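Quick notes on the structure that follows.
The values are calculated or read from the model by the stated rules, or taken from the named source; none is laboratory data. All figures in this text were calculated on a predicted structure; none of them were measured in a lab. When we count neighbours, we look across all protein chains shown, and the Cβ atoms used for this are built from the backbone with ideal geometry, even at glycine. The area values use the complete protein model at the heavy-atom level, side chains included, leaving out ligands, DNA and RNA. Shrake-Rupley method; radii C 1.70, N 1.55, O 1.52, S 1.80 Å.
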Amino acid sequence: MRVLLLSAFVAVSAIAAVPSGAHADAMADAKTILEQHKKMPVFDPPGEPFDAKSCMAGKKVLSIPISMTIPFNVELQKAMSTAAKEVGFTYTTWDNQLKTDQWIQGVSQAISQKYDVLDLAGGLNPEWLGPQLTEARNAGLKVTTTHLYDVTQKSAPTVDYSSRVDFTGAGKVLAAYAYVQTGGKPNVLIIGSSDVLPSIPFVKAIQDELKALCPECKQKHLDVPVSDWATKIQPGTQSALLADPGINYIIPIYDSMSQFVVPALRITGALGSVGVAGFNGTPFVLDMLREGQVNMDIGESLGWAGYAAIDNIMRMICGKPEVAKLNVPLLIFDKDNVKTAGIPANFNDGYGDAHLDGFRKLWKLK
C-alpha cells in the first residue's frame, strides 16, 4: 500500500511539474514565431529562374477582381499591371463594381478577344462562375486565381493554377502574439467571416495554435458575414465582453473589422486594456495602430503580392510548376515600427523593395 501511495504521489508530482516547463517552452516557441515576422522581409525565390520575356511574348492575361471599388484590389491590380509591363506582355484589368453580370461579361471578353489566361483576383470565387469558366477553358484559356485560397485549400476543378496565401501562417502569428502579450494567459475572442473562402482554415489555425500553446486557456469565436460587419460586429463584441469580462484579446482576422471592434471596446470601458490584432496591413488600420487603438497588424506588401502573382501566372504559361504559396512575407507592424508604413499609412511602405530586384533576376530581366 505504501508503495502504491508513493507511486501515486510521484505521478501526481510529475504531472503538476509539467505546466511550468511546458509554459516556458510554449512562451519560447511563441516568441520565436513572432521574431521570424518582425525582421525586414528578404526575397526568397519561389522557384527556378526562367526567361519570362521570351515565353510571354505575344501572350495576353485578363484579370477580373471581385470589385474595383475595394482599395485592396485597386492596389493589387496596379502591381500586377506594373509587373506585366516590365516583362512586356498584355495585361488587362476588368473593371467592375461587385456585380455578377459584370464578371460574366469579363469572361466573355476574355474568350472573344482570345486571351491566353483568365485570372480571378482578390476574393472572386471561381465556384460563382462555374459554367462560364468551363466555357473559357473549352475555348483554350487557362484559369488562375490570385489571393483567394489558403495554402491548405484545393482549387476548384475549373482552375489551373492558384496564387495561394498563407492565411494559416498569419493565424499562427496572431495566436502567438495574443499568447505573449497576455503573459501566457490569453482569453481570446476570434472574429471571423465563414462566408469568405479562406476564413475557415484561418480561424482554425488560430484556434489550433492557441490550444497547442495553452490548452487550458479560453477562446471564443464570433462569426459575422461580410455583409453584416457594420451592423453585427460591434454589438456582438459588446455582448461577448459583457458576458465574459475576462476577455483580454480580440483577433478580428481581417483587420478592417477593427473599425467596428474599437467602438465596442470604448463603450464597454475595455479600450486600452483589451488588445486587438488582425491581418492585412490595411492603411487605415495601421493609422489606428499608430494612434493606439489597435496593438498589432500583420501586413503584406501588395506591390510584392502583385509581382508574386504575375510570377505564378507566367510559370503556368511557361510550363513551370505551380508555386505552393504566394511569395509574400508576413510582417508584424506594432507601435515600434508602424511609422515605417507611412503617415498616413499605405499598402507598400515599410516592407523594403527586395522583391523588385529579386523578381527581375528570377525572370532574367537583368
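Couple of notes before you dig in:
- Accessible area, probe 1.4 Å, largest first, for residues His37, His355: His37, His355
- The distance from the alpha carbon centre of segment 200-267 to that of segment 26-40 is 22 Å, rounded to a whole number.
- Zone residues, segment 298-318, relative to Lys78, backbone N less than 19 Å from point 7 Å out along Cα-to-Cβ: 299-310
- Volume per residue that the Cα convex hull of segment 40-136 spans, once the total is divided by residue count, Å³: 126
- The overall shape of segment 306-366 is prolate: from the C-alpha gyration tensor, with semi-axes ordered a ≥ b ≥ c, the ratio a/c is 1.5 or greater and a/b exceeds b/c.
- Stretch gain in nm, segment Asp29-Gln113, where the contour uses 0.36 nm per residue and the Cα spacing is subtracted: 25.0 nm
- Inter-site label distance for Ala243 and Lys335 at 7 Å from Cα along Cβ, in nm: 3.1
- Reduced Cα scattering model of the chain, Debye log10 I(q)/I(0), q = 0.07 Å⁻¹: -0.35
- Peptides 149-155, 315-321 ranked from most to least packed give 149-155, 315-321, packing being the mean of other C-beta atoms within 10 angstrom over each peptide's residues.
- Counting only residues at least eight positions apart within a chain, or on another chain, the aspartates and glutamates with an alpha carbon under 13 Å from that of Lys60 are Asp116, Asp119.
- Ranked from largest, the principal axis spans of the Cα set of segment 152-306 equal 50, 34, 26 Å.
- Whole-Hz couplings from phi, Karplus 6.51/-1.76/1.60, listed for segment 310-316; x for Gly and Pro: 5, 4, 5, 4, 5, 4, 5
- Relative packing of peptides 227-237, 114-124 - highest average C-beta neighbours within 10 Å first: 114-124, 227-237
- Hull volume per residue, based on the alpha-carbon atoms of segment 87-225 and their convex hull, is 131 Å³.
- The chain, accessible surface, carbon-and-sulfur percent (1.4 angstrom probe): 56
- FRET efficiency for the pair Thr69 and Glu216, taken as 1/(1 + (r/R0)^6) with r the Cβ-Cβ distance and R0 = 51 Å, rounds to 0.70.
- Diffusion of segment 222-277 by Stokes-Einstein, at 20 °C in a medium of 1.002 mPa s and with Rh set to the Kirkwood radius over alpha-carbon pairs, works out to 193 µm²/s.
- Prolate/oblate/rounded call for segment 28-91, Cα gyration tensor, a/c under 1.5 rounded: oblate
- For peptides 272-279, 243-250, 159-166, sequence by mean Cβ density within 10 Å, most packed first: 159-166, 272-279, 243-250
- Subset of Lys39/Lys335; Lys185/Lys339; Lys78/Lys325 violating a 25 Å alpha-carbon distance limit: Lys185/Lys339
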